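First comes the structure, then the notes that go with it.
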Amino acid sequence: MTGATIWLTGLPSAGKTTLAHELAGRLRGEGHRVEVLDGDEIREFLSAGLGFTRADRHTNVQRIGFVAELLASNGVKALVPVIAPYADSREAVRKRHQTEGTAYLEVHVATPVEVCSERDVKGLYAKQAAGEISGLTGVDDPYEAPESPDLRLESHTQTVQESAAALHTLLTERGLA
């Protein structure tokens, strides 16, 4: 089966990881080899020591992009629910995939910051509001939304299953599912 990297970008608590795991289950059920490269796990094991400066965020995204491409080029669907706030970082990952001839899809999980802050899965928005942390993507640190992603999901207006189905449809249309 053909591998591919499916990068899910969006704000913290947008639903990226939930969507990735929902799609992963569906793809595994169809016999695909799938890995979810969770941003928090990558930071712990592959990018330990990196902070949240623009340069460190870029390095983190490039490392994840390298691993995703390596998996994808070996027949794995690499689902990457990682914020990747800067357009140039995401574009560098896309170009690496193009250079290697590996399929790459960018999916914008376009949940508004108001909805994300209500979900606040990790308590980050509350900590930022209380002044305990700064540099929260989309609040007091930039998030450059993709201008023309392969798919934009308004995840706050549909169920996780509906979002996963829309993404699966795109994979099918591209010959990847």
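Table for the structure above
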read-out	value
Some residue of the stretch 121-142 being under 25 Å from E22 (Cβ atoms), open to solvent by less than 40 Å² (accessible area, probe 1.4 Å) and aromatic (F, W, Y)	yes
Some residue of the stretch 25-35 being assigned to a helix (DSSP H, G or I), out of contact with any Pro (no Cβ under 9 Å at 6 or more places or on another chain) and in contact (Cβ under 8 Å) with a residue 12 or more places away in the chain	yes
Filter result (within 17 Å of K16 (Cβ to Cβ) and among the acidic types (D, E)) within the stretch 80-113	E106
Segments classed as helices (runs of 4 or more DSSP H), wholly inside the stretch 75-177, with at least 2 members that are closer than 17 Å to A14 by Cα and modelled with pLDDT of 95 or more	160-173
Of residues in the stretch 49-75 being open to solvent by less than 10 Å² (accessible area, probe 1.4 Å) and hydrophobic (A, V, I, L, M, F, W, C), the one nearest to E100 (Cα to Cα)	A72
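This table checks each residue for (1) touching a Leu at 6+ places or on another chain (Cβ under 9 Å); (2) buried (at least 20 other Cβ atoms within 10 Å of the Cβ).
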| position | (1), (2) |
| --- | --- |
| M1 | yes, no |
| I6 | yes, yes |
| A20 | yes, yes |
| L27 | yes, yes |
| L37 | yes, yes |
| E41 | no, no |
| F45 | no, no |
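The values are calculated or read from the model by the stated rules, or taken from the named source; none is laboratory data. Fair warning: this is a prediction, and the values are worked out from it, not measured in the lab. Because the Cβ atoms are built from the backbone with ideal geometry, glycine has one as well, and the counts that use them run over all protein chains shown. The accessibility values were calculated without ligands, DNA or RNA, using every heavy atom of the protein model including side chains. Shrake-Rupley method; radii C 1.70, N 1.55, O 1.52, S 1.80 Å.
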